[in-house]
1. Suppose the filter is under 23 Å from L195 (Cα atoms), more than 15 Å from the chain's Cα centre (by Cα) and not β-branched (V, I, T); does R94 pass it?
2. Any idea which residue in segment 177-203 is farthest from the chain's Cα centre (by Cα), counting only those that are outside any loop (DSSP other than H, G, I, E, B), farther than 16 Å from S242 by Cα and not hydrophobic (A, V, I, L, M, F, W, C)?
3. Kindly evaluate G219 against the criterion of being within 22 Å of N34 (Cα to Cα) and not in a strand (DSSP E or B).
4. Would you be able to tell me the number of residues in segment 97-132 that are outside any strand (DSSP E or B) and surrounded by 24 or more Cβ atoms within 10 Å (Cβ to Cβ)?
5. Within segment 49-66, can one find any residue that is of a type in the set (S, T, Y), out of contact with any Asp or Glu (no Cβ under 8 Å at 6 or more places or on another chain) and outside any loop (DSSP other than H, G, I, E, B)?
6. Do the conditions hold for V60, that is, is it in contact with a Phe, Trp or Tyr (Cβ under 7 Å, 6 or more places away or on another chain) and at pLDDT 95 or above?
7. Return the only residue of A222, A208, A189 being out of contact with any Cys (no Cβ under 9 Å at 6 or more places or on another chain), farther than 26 Å from G45 by Cα, surrounded by 14 or more Cβ atoms within 10 Å (Cβ to Cβ) and at pLDDT 85 or above.
8. Under 7 Å between Cβ atoms, at least 6 apart or on separate chains: pull out the pairs that start in segment 55-67 with a residue that is among the acidic types (D, E) and end on any residue that is crowded, with 24+ Cβ neighbours inside 10 Å.
Amino acid sequence: MKQEIMDPPLSLIAAARTRAGSLRDHNEDSIWMNARSGVFVLADGIGGCDAGEWASWLTVKTVGRFIVEYADNVALAKHQLIAEAIEYANRQVREAAAAARQQRGMGATVVAALVHPPKATICHAGDARAYLIHNRRVRCLTEDDAVMMRAIGAEKRNGRLADDNRQFITKAVGKLEQVRPHCTELRFAPDDWLLLCSDGCWSALNDAAMLSVTQDAYGDPARVVNNLIDIAYESGVGDDVSIIAVQGVEAQHSIREAI
């Protein structure tokens with residue numbers, strides 16, 4: 001007789017934190033989450049655009065509320081729901097920039113997750129990333145919408161001109177009339193971790209750090225976000241650093257979140 005092995009019912013525990021970097025006097029990252037609804041959104045204001053902090057906050061607030069409001073619409077698949085939310089946020093950001101007469105526009109990268117175990121759906125635009133940690137392996141779920149630009153600085157290092165690689169964002173909320181975000185769906189199993197990170201965060205971390213911190217903090221997402229942000233800052237990163245950590249635990253644990 002064949003038997004089907006099913007995952008136990010899961011609840012979600014989550015935490016989020018954002019911290020301003022040393023490059024500017026304000027924080028252009030924003031985070032929004034509703035663990036009970038399984039909705040998690042992170043955005044990062046784009047450099048070179050005006051009002052990055054406002055663009056990122058408007059993005060996460062709009063995307064998050066849209067998903068929660070229309071989550072019961074059975075006519076929309078989950079990836080369609082998130083994509084529609086991002087497109088709606090795009091229109092809101094562009095209208096806000098026009099109303100404020102922003103000369104360079106307003107823009108933000110974004111990554112959003114809708115987690116309804118045993119499935120998780122991720123959509124993103126730009127270089128905000130999502131990572132899955134499953135069975136002691138770290139997997140990046142997103143591919144940056146960016147091209148690598150090589151910038152030659154005037155400062156000399158070791159007798160030579162500084163030579164730095166920098167990313168130019170090709171897709172983001174607020175940049176174009178349509179975003180067309182990338183979406184993916186995956187299995188979210190018991191004890192898995194989902195991490196949503198701004199570029200200031202992931203650029204300062206490696207897989208080993210993510211794995212070590214999450215393995216040592218089962219059931220404690222607040223510890224995960226605090227430790228990973230501390231590691232990023234100790235590395236000397238100057239950009240704003242933000243992260244959302246989500247874990248699936250057996251259903252007898254109550255849903256809780258920290259921010």
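1. On the way: under 23 Å from L195 (Cα atoms): no; more than 15 Å from the chain's Cα centre (by Cα): yes; not β-branched (V, I, T): yes.
Here the answer is no, as R94 does not meet what is asked.
2. Only one residue tops the list, namely R187.
3. Details: within 22 Å of N34 (Cα to Cα): yes; not in a strand (DSSP E or B): yes.
Criteria met by G219.
4. Going residue by residue through segment 97-132, those that are outside any strand (DSSP E or B) are 97-107, 117-118, 126-128.
Adding the requirement that they be surrounded by 24 or more Cβ atoms within 10 Å (Cβ to Cβ) leaves 106-107, 126-128.
The total comes to 5.
5. Going residue by residue through segment 49-66, those that are of a type in the set (S, T, Y) are 56, 59, 62.
Now narrow it down to the ones that are out of contact with any Asp or Glu (no Cβ under 8 Å at 6 or more places or on another chain): 59, 62.
Narrowing the set further to residues that are outside any loop (DSSP other than H, G, I, E, B) leaves 59, 62.
Checked segment 49-66: at least one residue is of a type in the set (S, T, Y), out of contact with any Asp or Glu (no Cβ under 8 Å at 6 or more places or on another chain) and outside any loop (DSSP other than H, G, I, E, B).
6. On the way: in contact with a Phe, Trp or Tyr (Cβ under 7 Å, 6 or more places away or on another chain): yes; at pLDDT 95 or above: yes.
For V60, the condition - in contact with a Phe, Trp or Tyr (Cβ under 7 Å, 6 or more places away or on another chain) and at pLDDT 95 or above - is met.
7. Working: A222 fails: farther than 26 Å from G45 by Cα; A208 fails: surrounded by 14 or more Cβ atoms within 10 Å (Cβ to Cβ).
Being out of contact with any Cys (no Cβ under 9 Å at 6 or more places or on another chain), farther than 26 Å from G45 by Cα, surrounded by 14 or more Cβ atoms within 10 Å (Cβ to Cβ) and at pLDDT 85 or above holds for just one of A222, A208, A189, which is A189.
8. none
The values are calculated or read from the model by the stated rules, or taken from the named source; none is laboratory data. Note that the structure is predicted; figures quoted are calculated from it, not measured. So basically every Cβ, Gly included, is an ideal-geometry build from the backbone, and we count neighbours across all protein chains shown.
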